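Enquirer: Before anything else, here's the structure in question.
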Amino acid sequence: MPDTTARDDAFERGHTHLALGEMEEAETAYREAISLDDEFFDGWQALAMVLLKLEKVKEAIGCGIKATLLNPDDLLAWTGLSQMYVRDGQIAEAEHAKGNARILSMGGKVSRLGND
């Protein structure tokens, strides 16, 4: 069972650093949050977006994929992942992620991989 208090404290520190424009510190705090709970969707999503801002695009994509695996029906996760793929020049993957976001925006669902 994850220590949700410590996880949430780290996550909130990440938000504070993000709000202050302290991206490296935000990255560290978000990494701490997910180290305390590997299934913490919000932590993975936040880390992915900070990594994208830090131009760590490949790592951001990995975190974005993890977020979509944890919550395949999250519109913002797929939208963010699409942006990450675009930044990396992976246009086919970006279009696929954008398509999933479009499905969700119309009230549909996206199946988990392997559970189609």
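Enquirer: If I stretch the segment between T4 and E59 completely, what's the gain in nm (0.36 nm per residue apart, minus their alpha carbon distance), one decimal? Working shown, then result.
Expert: Numbers: separation 55, 0.36 × 55 = 19.80 nm, distance 2.45 nm.
Between T4 and E59, full extension yields an extra 17.3 nm.
Enquirer: Note the full-extension length gain between S35 and D88 as 0.36 nm times their separation in residues minus their Cα-Cα distance, in nm to one decimal.
Expert: Values: separation 53, 0.36 × 53 = 19.08 nm, distance 2.59 nm.
Full-extension gain reported as 16.5 nm.
Enquirer: Within 10 Å, count the other beta carbons around each residue, average over each peptide in 27-40, 9-22, and list them highest first. All intermediate terms of the calculation are to be shown ahead of the outcome.
Expert: Working: 27-40: 19.4, 9-22: 15.6.
So the peptides 27-40, 9-22, ranked by packing, come out 27-40, 9-22.
Enquirer: With a Förster radius of 41 Å, plug the Cβ-Cβ distance of S111 and E22 into 1/(1 + (r/R0)^6) and report the FRET value to the nearest 0.05.
Expert: So, using R0 = 41 Å, E works out to roughly 0.60.
Enquirer: Next up: So which lysines pass the test for K98, namely a Cα distance under 17 Å, with those fewer than 8 places away in the same chain ruled out?
Expert: Excluding near neighbours in sequence, the set is K66, K109.
Enquirer: Turning to a different aspect of this structure: Based on DSSP H runs of at least 4 residues, each adding -39500 (n - 2.57), what is the mean residue ellipticity at 222 nm of the chain after dividing by all its residues, to the nearest 500 deg cm²/dmol?
Expert: Details: 6 runs with 85 residues, N = 116.
Value at 222 nm, helices only, nearest 500: -23500 deg cm²/dmol.
Enquirer: A follow-up question, please. Which value results when the Cα radius of gyration for the stretch 4-105 is divided by 2.2 N^0.38 Å?
Expert: Working: Rg = 13.2 Å, N = 102, 2.2 N^0.38 = 12.8 Å.
Cα Rg divided by the expected 2.2 N^0.38 Å: 1.03.
Readers should treat all values here as calculations from the given coordinates under stated rules, not as data from a laboratory. Source: prediction; values computed, not measured. Glycine gets a Cβ as well: all are built from the backbone with ideal geometry, and neighbour counts include every protein chain shown.
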